[in-house]
């Protein structure tokens, strides 16, 4: 079984923002698996499906981004899954729009949601997919930028990147992080 956790912020005011790209990608995966999200047994919503004979559990924390670790820890416990069998998908300012990067472990890189996961799990050894949201903002305007929607000129890169992220996440389910990194990085 694989857990795929998309990071974002709950609430309508955050829908469609750069910071919620993790939520959007797991929504696309849920559509592919013909499943829908419902209440989870913890601070998250959940959708369960199958891909190539493997069970896939999609998670969207209902905590805010900076408290994602609590939701992930509870989801791992609820589904009795090892953190190495999970994939966390989140936004990254250091990559151009639509670019993805996969890693088996690593630092938070300044991302508060990942920092909280590392703290709550007590390890940085969990697979993750960073999704580029660009960094076209004035000094001191980072928060406004990540909480804003993508520009119209970003749409072609966004769509291509989301498809690649979707495909890479399902590759992770089938083949694990090493092979997926070789295919998609």
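Coordinate-derived values only; no laboratory data. Here the structure is a predicted model, which is why all the values come from computation and not from measurement. Cβ sites come from the backbone with ideal geometry, for glycine too, and all protein chains shown count toward neighbours.
Summary of values
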{"quantity": "Space enclosed by the convex hull of the alpha-carbon atoms of the chain, per residue, Å³", "calculated": "105 Å³"}
{"quantity": "Relative exposure of 90, 184, judged by other C-beta atoms within 10 Å (fewest first)", "calculated": "184, 90"}
{"quantity": "Alpha carbon centroid spacing (whole Å) that separates region 153-176 from region 25-91", "calculated": "17 Å"}
{"quantity": "Crossing angle, helix 155-184 versus the chain [Cα axis fit, 0-90 degrees, rounded to tens]", "calculated": "30 degrees"}
{"quantity": "For the chain, calculated [θ]222 nm from helices alone, where every DSSP H run of n ≥ 4 adds -39500 (n - 2.57)", "calculated": "-12000 deg cm²/dmol"}
{"quantity": "Contact order normalised by residue count of region 2-184, Cα under 8 Å, 6+ apart, percent", "calculated": "26 percent"}
{"quantity": "Within region 73-157, percent of DSSP bridges classed antiparallel, to nearest 5", "calculated": "45 percent"}
{"quantity": "Helix axis angle, 68-78 relative to the chain longest principal axis, alpha carbon, degrees", "calculated": "10 degrees"}
{"quantity": "Among beta bridges that DSSP assigns inside region 2-184, antiparallel share in %, nearest 5", "calculated": "55 percent"}
{"quantity": "For region 44-113, radius of gyration divided by Kirkwood radius, i.e. Rg to Rh on alpha-carbons", "calculated": "0.97"}
{"quantity": "Proxy reagent accessibility, fewest Cβ within 10 Å first, across 70, 32", "calculated": "32, 70"}
{"quantity": "Principal-axis tilt of helix 21-32 within the chain, Cα atoms, nearest 10 degrees", "calculated": "50 degrees"}
{"quantity": "Fewest-first sequence of 118, 29 by Cβ atoms within 10 Å of each Cβ", "calculated": "118, 29"}
